[in-house]
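Enquirer: Just passing along the structure, written as structure tokens.
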Amino acid sequence: MTHKILVTGALGQIGSELTSALREIYGVENVLSTDIQQKEKVDDPNYEKLDVMDATQISDVVSQNKITIVYHLAAMLSATAEKYPRKGWDLNMESLLTFLDLAKDKKINQIYWPSSIAIFGPETPKQQTEQNALAIPTTVYGISKRAGELWCNYYHEKFGVDVRSIRYPGLISWKTRPGGGTTDYAVDIYYQALEEGKYECFLSENSALPMMYMDDAIRATIELMQADADKLTIRTSYNLNALSFTPKEIAAEIQKQIPDFEISYKPDFRQAIADSWPASIDDSVAQKDWGWKPEFDLEKMTEAMLENLKVKLNK
Ligand code: NAD
Ligand code: AKB
């Protein structure tokens, strides 16, 4: 059977790269990218404007295009959701429930929905945070992701919905800039290192957070979606590990290639968000269930980021 795939939030940091990766596997014609932008403004032969707050429009797009699998990425991230709590909750929750209901009614076969390390809170053990560690999030984003995970599990248990999820750490990429997250500093720092030779970080020098290079995240997503359903023991969302570093450590890695690069620190409201999250993640369940293994460490990622950004920025 040919898969017909819908990606929401496809113009975002993950969506832009996931759409290309899915199209390499399934063909451009079988992967419909959607986002809130007008069609005329988007250079993509298989794109449609789709507001995920519009359940009727979603249902129409799914039936008109005979969609079988949805990668639902549209969301509001941690820093922005702290500014617009109610809007963040509505966007992150309503849209997920719309897709879960479509799967319950057998209109689609499979859903991918990303969660985040943000589901954990200040009471969670910080180091090597386990799959089922205490998760009492204190951000709107974290609350919405934790609630979403529990809804996914509920729809799976109660209605047999095949919904799969990963708790991504902060994702680092060079193709599309991130939008409104607390881990965005770890992308901005590479741009500023090349463009300005210095960076003022909005987190303090020793704030360790779990992170991952985008290539690993895309591979993990596709591997999870292609895994045998009977191997999956987690239907909330899988912990996934790759890297853990502080602003000071990433700066030192950049200085290996740009010796004059300077970093300074001016923590803002995002510091409290970062302080409530784990510093590193235990992903032994994902390793055991579907063989997850990251490929990029801090050194390899920094080489890839600087090399690709030099070309992109003409440096
Ligand atoms: P992003 O902010 O880069 O992209 C989100 C996209 O959603 C944007 O293109 C935006 O235009 C679109 N969007 C917003 N409102 C919409 C609406 N009403 N209808 C349709 N589209 C709408 O986000 P991202 O970093 O690509 O994240 C994608 C998913 O992955 C989110 O669920 C996010 O919580 C999750 N996640 C991301 C990271 C990360 O580091 N990037 C980490 C953990 C989890
Ligand atoms: C954010 O910082 O909000 C995201 C995330 C870790 O979910 N990058």
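Enquirer: Where in segment 1-100 are the strands (runs of 3 or more DSSP E), entirely inside, with at least 3 residues that are buried (at least 18 other Cβ atoms within 10 Å of the Cβ)?
Expert: Here the list reads 5-8, 31-35, 69-72.
Enquirer: Which of the residues that make up segment 179-220 are assigned to a loop (DSSP other than H, G, I, E, B) and away from ligand 1 (no atom under 13 Å from the Cβ)?
Expert: Those that are assigned to a loop (DSSP other than H, G, I, E, B) and away from ligand 1 (no atom under 13 Å from the Cβ): GLU196, GLY197, PHE202, LEU203, SER204, GLU205, ASN206, SER207, ALA208.
Enquirer: Still on this structure, I have one more. ASP51 - would you say it is of a type in the set (Asp, Glu) and within 14 Å of ligand 1 (Cβ to nearest atom)?
Expert: Against the criterion (of a type in the set (Asp, Glu) and within 14 Å of ligand 1 (Cβ to nearest atom)), ASP51 qualifies.
Enquirer: Could we say that ALA208 is within 22 Å of the chain's Cα centre (by Cα) and not hydroxyl-bearing (Ser, Thr, Tyr) here?
Expert: yes
Enquirer: Exactly one of these conditions fails for GLU295: (1) surrounded by fewer than 17 Cβ atoms within 10 Å (Cβ to Cβ); (2) in contact with a Gly (Cβ under 9 Å, 6 or more places away or on another chain). Give me its number.
Expert: (2)
Enquirer: A further question on this structure: So which of SER244, SER237 ends up being within 18 Å of GLN131 (Cβ to Cβ), surrounded by fewer than 22 Cβ atoms within 10 Å (Cβ to Cβ) and of a type in the set (S, T, N, Q)?
Expert: After applying the criteria, what remains is SER244.
Enquirer: Which condition from (1) under 16 Å from ILE111 (Cα atoms); (2) within 16 Å of ligand 2 (Cβ to nearest atom) is the one that GLN13 breaks?
Expert: Of the numbered conditions (1) under 16 Å from ILE111 (Cα atoms); (2) within 16 Å of ligand 2 (Cβ to nearest atom), the odd one out for GLN13 is (1).
Enquirer: Evaluate the following for LEU73: is it at pLDDT 95 or above, under 21 Å from LEU97 (Cβ atoms) and within 14 Å of ligand 1 (Cβ to nearest atom)?
Expert: yes
Enquirer: List pairs: first residue in segment 259-273 and over 16 Å from THR80 (Cα atoms), second residue among the aromatic types (Phe, Trp, Tyr) anywhere in the structure, Cβ distance under 6 angstrom, at least six positions apart or on different chains.
Expert: Going by the 6 Å Cβ cut-off, the qualifying pairs are ILE263/TYR199.
Enquirer: Same structure, new question: Could you list, ordered by first residue, the pairs with Cβ atoms under 7 Å in which the first is in segment 75-90 and in contact (Cβ under 8 Å) with a residue 60 or more places away in the chain and within 15 Å of PRO114 (Cα to Cα) and the second is within 10 Å of ligand 2 (Cβ to nearest atom) and assigned to a loop (DSSP other than H, G, I, E, B), at least 6 apart or interchain?
Expert: From segment 75-90, the pairs are MET76/GLY180; LEU77/GLY179; LEU77/GLY180; LEU77/GLY181; SER78/THR139; SER78/GLY181; SER78/THR182.
Enquirer: Moving on to the next point. When the residues of segment 135-151 are narrowed to those that are more than 16 Å from ligand 2 (Cβ to nearest atom) and touching a residue at least 24 places away in the same chain (Cβ under 8 Å), which ends up nearest to ARG270 (Cα to Cα)? Give the steps one after another, and end with the answer.
Expert: So the first thing to find is which residues in segment 135-151 are more than 16 Å from ligand 2 (Cβ to nearest atom), and the list is 136, 150-151.
If we keep only those that are touching a residue at least 24 places away in the same chain (Cβ under 8 Å) as well, we get 150-151.
Numbers: LEU150: 26, TRP151: 27 Å.
Applying the filter and picking the extreme gives LEU150.
Enquirer: Which count do you get for residues in segment 216-234 that are crowded, with 21+ Cβ neighbours inside 10 Å and among the small types (Gly, Ala, Ser)?
Expert: 2
Enquirer: Among what's in segment 165-200 and is among the small types (Gly, Ala, Ser) and within 17 Å of the chain's Cα centre (by Cα), pick the residue that is nearest to ligand 2 (Cβ to nearest atom). Even if it seems obvious, please write down each step before you answer.
Expert: Kept after step one, since they are among the small types (Gly, Ala, Ser), are these residues of segment 165-200: 165, 170, 173, 179-181, 186, 193, 197.
Okay, now just the ones that are also within 17 Å of the chain's Cα centre (by Cα), so 165, 170, 173, 179-181, 186.
Working: SER165: 13, GLY170: 5, SER173: 11, GLY179: 9, GLY180: 7, GLY181: 3, ALA186: 9 Å.
Checked segment 165-200; the qualifying residue nearest to ligand 2 (Cβ to nearest atom) is GLY181.
Enquirer: Can you tell me which residue among LYS175, LYS145 is basic (Lys, Arg) and surrounded by fewer than 21 Cβ atoms within 10 Å (Cβ to Cβ)? Before you say what the answer is, go through the steps one by one.
Expert: Numbers: LYS145 fails: surrounded by fewer than 21 Cβ atoms within 10 Å (Cβ to Cβ).
Answer to the check: LYS175.
Enquirer: Can you name the condition, by its number, that GLY160 falls short on among (1) without any contact (Cβ under 8 Å) to a residue 40 or more places away in the chain; (2) surrounded by 22 or more Cβ atoms within 10 Å (Cβ to Cβ)?
Expert: Of everything listed in (1) without any contact (Cβ under 8 Å) to a residue 40 or more places away in the chain; (2) surrounded by 22 or more Cβ atoms within 10 Å (Cβ to Cβ), GLY160 misses just condition (2).
The values are calculated or read from the model by the stated rules, or taken from the named source; none is laboratory data. From a predicted model like this one, the values you see are computed outputs, not experimental measurements. Here Cβ is always computed from backbone atoms with ideal geometry, including for glycine, and neighbour counts include all displayed protein chains.
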